[in-house]
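Q: Please find one structure pasted underneath; my questions will follow.
The values are calculated or read from the model by the stated rules, or taken from the named source; none is laboratory data. Please read these numbers as outputs of a predicted model, since none were measured by experiment. Note that we place each Cβ from the backbone using ideal geometry, even for glycine, and neighbour counts take in every protein chain shown. Just so you know, the surface numbers come from the protein's heavy atoms only, side chains and all, with ligands and any DNA or RNA stripped out. Shrake-Rupley method; radii C 1.70, N 1.55, O 1.52, S 1.80 Å.
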Amino acid sequence: MHARPPTIVRLEDDREFAVDAGDTLLSAALRAGVGFPHECCAGGCGACRFELLDGSVQDLWPDAPGLSARDRARGRKLACQSRPLEGCKVKVRTAAEYVPPVRPARRRLTLEGTTDLTGDLREFRFRASDPAHFRAGQFALLSLEGIDRPRAYSMSNLPNDDGSWQFIIRRVPGGRGSTFLFDGLRPGDSVNVDGPYGGAWFREESQRDIICIAGGSGLAPALSIARAASASGNVRRIHFFYGARTPADVCGEAQLAQLEGYPDRIAYRVAVSEPDAEWRGTTGFIHELVEAEFGSRLAEFDFYFAGPPPMVTAVQEMLAVRHLVPHGQIHFDRFF
Ligand SMILES: Cc1cc2nc3c(=O)[nH]c(=O)nc-3n(C[C@H](O)[C@H](O)[C@H](O)COP(=O)(O)OP(=O)(O)OC[C@H]3O[C@@H](n4cnc5c(N)ncnc54)[C@H](O)[C@@H]3O)c2cc1C
């Protein structure tokens, strides 16, 4: 039997890339080093919208929230949810900022162990047989048994030659992917992973101090960034802000406390949005605490933030609209 030859996708400027059977248009473009616009790779954000000028694609998630009714009426599609069925020509505005710093690749990871951080946040430690090349702050797509589409999870560790991939995952009530990871996966079991993806990676060369803002499982990429900044020769201050829903959800300081520079140049602050009667710390949303602490100085920092979309939108609005922080200093992931 012969393997199906790859399908060729052509851009308007006549650049071409090959798509292997089973691959999405977005992943194949990024594997080929094409700067295809993207953000979440999970159907949620709509950044990878394109127009199909010729050919046909299979739509892997027809109801994906990343497309509006208007987009659909105009025939727009999501590259992260499109699998070419034949040679295609597509219209999209590619850009250098989307060229992946490390081209995504597929590999198999074996679970070595887990540690519970809170009642619903768990660190998962996997091992691959080749070096783990990614940038701090990026994520990977995990394919999980019995679940139709991969789920995105951010690495919490640093890139390394030992093949170590670590994630911090929240158990989502009723969530299929996270429930499988928590209840269905045992040390020694393997999963397929595809990555790295994402543009909110650590910019080492910048001289600015750093503000990391994490909500819930947004802890994973924020820790990776803090670890990279701490290990970097370029000494900068790191202000780490964690937004927890209840006092029982507070976490992250123990991991920061292990880093070179803590507490002198690495500071941890937390705000709880649903306090109980015993809570004596800061109450409210985490972006309010950031604004209260730095207000008019916000444009002096580089920002890395991740978490639920409403939190990310509130932080973006605070930084870009109210405090005019330049676009190039703002890096974020929305966890759809
Ligand atoms: C860039 C990024 C990074 C993330 N990093 C983390 C992290 O570090 N830790 C963490 O805990 N969570 C992270 N998430 C969230 C994570 O990917 C899952 O959304 C979350 O674990 C819930 O998944 P679930 O399968 O348990 O829930 P479900 O409710 O079963 O699924 C939720 C998600 O799966 C996707 N989905 C659902 N149905 C379909 C479908 N038919 N076709 C395609 N996709 C579908 C959607 O993205 C949806 O939001 C991240 C998300 C993104 C986008």
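Q: Picking from 83, 93, 127, which residue would you name as being more than 15 Å from the ligand (Cβ to nearest atom), assigned by TED's automatic domain parsing to the domain that holds residue 62 and either open to solvent by 50 Å² or more (accessible area, probe 1.4 Å) or of a type in the set (D, E, K, R) (or both)?
A: 93
Q: Hey, among the residues in region 60-71 that are small (Gly, Ala, Ser) and open to solvent by 30 Å² or more (accessible area, probe 1.4 Å), which one's nearest to the chain's Cα centre (by Cα)?
A: Here the answer is 68.
Q: Let me ask you something else. When you look at residue 290, is it touching a residue at least 24 places away in the same chain (Cβ under 8 Å), in a helix (DSSP H, G or I), within 22 Å of the chain's Cα centre (by Cα) and within 15 Å of residue 218 (Cα to Cα), yes or no?
A: For residue 290, the condition - touching a residue at least 24 places away in the same chain (Cβ under 8 Å), in a helix (DSSP H, G or I), within 22 Å of the chain's Cα centre (by Cα) and within 15 Å of residue 218 (Cα to Cα) - is not met.
Q: Any idea which residue in region 136-155 is most open to solvent (accessible area, probe 1.4 Å), counting only those that are of a type in the set (D, E, K, R) and more than 13 Å from the chain's Cα centre (by Cα)?
A: Looking at residues that are of a type in the set (D, E, K, R) and more than 13 Å from the chain's Cα centre (by Cα), I get 145.
Q: So which strands (runs of 3 or more DSSP E) are wholly in region 70-137 and hold at least 1 residues that are over 24 Å from residue 225 (Cα atoms), modelled with pLDDT under 95 and of a type outside the set (Gly, Ala, Ser)?
A: Once the strands (runs of 3 or more DSSP E) in region 70-137 are filtered for at least 1 residues that are over 24 Å from residue 225 (Cα atoms), modelled with pLDDT under 95 and of a type outside the set (Gly, Ala, Ser), nothing remains.
Q: Answer yes or no as to whether residue 169 is away from the ligand (no atom under 12 Å from the Cβ), touching a residue at least 24 places away in the same chain (Cβ under 8 Å) and open to solvent by less than 10 Å² (accessible area, probe 1.4 Å).
A: Criteria not met by residue 169.
Q: Just one of (1) at pLDDT 95 or above; (2) open to solvent by 20 Å² or more (accessible area, probe 1.4 Å); (3) not hydrophobic (A, V, I, L, M, F, W, C) trips up residue 234, so point out which.
A: So the condition that residue 234 fails would be (1).
Q: Within region 301-330, track down each residue that is surrounded by fewer than 20 Cβ atoms within 10 Å (Cβ to Cβ) and not in a helix (DSSP H, G or I).
A: Answer for region 301-330, where residues must be surrounded by fewer than 20 Cβ atoms within 10 Å (Cβ to Cβ) and not in a helix (DSSP H, G or I): 308, 323, 324, 326, 330.
Q: To continue, here is another question. Can you name the residue in region 3-59 that is among the charged types (D, E, K, R) and open to solvent by less than 40 Å² (accessible area, probe 1.4 Å) and is also nearest to the ligand (Cβ to nearest atom) among such residues?
A: 39
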